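Peer 1: Before anything else, here's the structure in question.
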Amino acid sequence: MRVVVATGNPGKVREIAEALEGLGWQLEGLNGVPLPEETGTTYEENAALKACAAAVATGLPALADDSGLEVSALGGQPGVYSARFGHRSSDLERNLYLLERLRGVQDRRAKFVSVVILAYPDGHLETYRGEVLGTLLEGPRGENGFGYDPLFVPDGDTRTFAEMSLAEKRVISHRGRALAALLQAHRSGPPAREVIRAE
Ligand code: ITT
């Protein structure tokens, strides 16, 4: 099956390609198809916006991820607004801004959430969600990954996501968990659709 990966984030592309290798899908880039503005207020809404736009524009099934970091001491912020946190324009600036907001704060608990949606050109959607709990360091560690990875230590580990390989991060991460659910559902071909019959 040819599937468009509807993201402009190269870090997500790498993780999605590595996680779905076993399916034998032919993953394709956006090839100039623009992604819509993320006007939703939930991960599900924004993932659906991106996946549907790409599926309609290309006529192919399209996969999108909407994700974010929810920080306990900030009441769950930045959440769905993680990519624009503090109106900062780079990962480095957003990490510095987050550290600044958490300066002197004892409660370092945070949660990563990922919602992956596979949209078909006929409008059918499959939705998968993954979460991981962890804590935020007081300074960055590690060179791998993207976004807030250098600050986030998942529960049960001592390394940040940026100190892990793609495969190590996949086993634990929010996106890895959402993609594992997709992989499981597609183990023996596309999952059956629920049929709603009108009497
Ligand atoms: P697309 O919309 O084009 O997919 P994006 O980066 O704008 O790319 P989102 O709108 O879903 O994606 O924003 C999610 C942000 O949350 C992302 O930019 C990172 O800052 C952060 N984030 C999500 N998953 C992450 C991960 O696995 N590691 C580190 N940061 C992550």
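Only the coordinates and a few stated rules stand behind these numbers; no lab work does. If you're wondering where the values come from, they're calculated on a predicted model, not measured in any experiment. Counting neighbours? That spans all protein chains shown, and the Cβs are built from the backbone with ideal geometry, glycine included.
Peer 1: Starting from segment 119-148, keep only residues that are farther than 21 Å from residue 108 by Cα, then list their pairs with residues that are among the aromatic types (Phe, Trp, Tyr) and not in a strand (DSSP E or B) whose Cβ atoms are within a distance under 9 Å, requiring at least 6 positions of separation or different chains.
Peer 2: Matching pairs, first to second residue: 126/120; 129/43; 144/161.
Peer 1: Being buried (at least 22 other Cβ atoms within 10 Å of the Cβ) and hydroxyl-bearing (Ser, Thr, Tyr), is that true of even one residue in segment 93-110?
Peer 2: no
Peer 1: Only residues in segment 72-98 that are within 16 Å of residue 138 (Cβ to Cβ) and without any contact (Cβ under 8 Å) to a residue 24 or more places away in the chain count as the first member; pair them with residues that are within 10 Å of the ligand (Cβ to nearest atom) and in a helix (DSSP H, G or I), Cβ under 7 angstrom, at least 6 apart or cross-chain, and list the lot.
Peer 2: Sorted first by the residue in segment 72-98, then by its partner, the pairs are 97/85.
Yes/no per residue for (1) assigned to a strand (DSSP E or B); (2) of a type in the set (Phe, Trp, Tyr); (3) more than 10 Å from the ligand (Cβ to nearest atom):
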residue	(1), (2), (3)
31	no, no, yes
55	no, no, yes
64	yes, no, no
92	no, no, yes
97	no, yes, yes
100	no, no, yes
110	yes, no, yes
116	yes, no, yes
127	yes, no, yes
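Peer 1: Of the numbered conditions (1) within 9 Å of the ligand (Cβ to nearest atom); (2) not in a helix (DSSP H, G or I), residue 47 fails exactly one; give the number of that condition.
Peer 2: Residue 47 satisfies all of (1) within 9 Å of the ligand (Cβ to nearest atom); (2) not in a helix (DSSP H, G or I) except (2).
Peer 1: Going through 35, 69, 60 one at a time, which residue ends up being near the ligand (Cβ under 10 Å from one of its atoms), farther than 21 Å from residue 173 by Cα and out of contact with any Leu (no Cβ under 6 Å at 6 or more places or on another chain)?
Peer 2: From the options 35, 69, 60, the qualifying one is 35.
Peer 1: Related question: Among the residues of segment 154-195, write down those that are basic (Lys, Arg) and under 16 Å from residue 144 (Cβ atoms).
Peer 2: 159, 169, 170, 175
Peer 1: Looking only at residues in segment 36-49 that are of a type outside the set (Asp, Glu) and surrounded by 16 or more Cβ atoms within 10 Å (Cβ to Cβ), which one is farthest from residue 5 (Cα to Cα)?
Peer 2: If we take residues in segment 36-49 being of a type outside the set (Asp, Glu) and surrounded by 16 or more Cβ atoms within 10 Å (Cβ to Cβ), then 40 is farthest from residue 5 (Cα to Cα).
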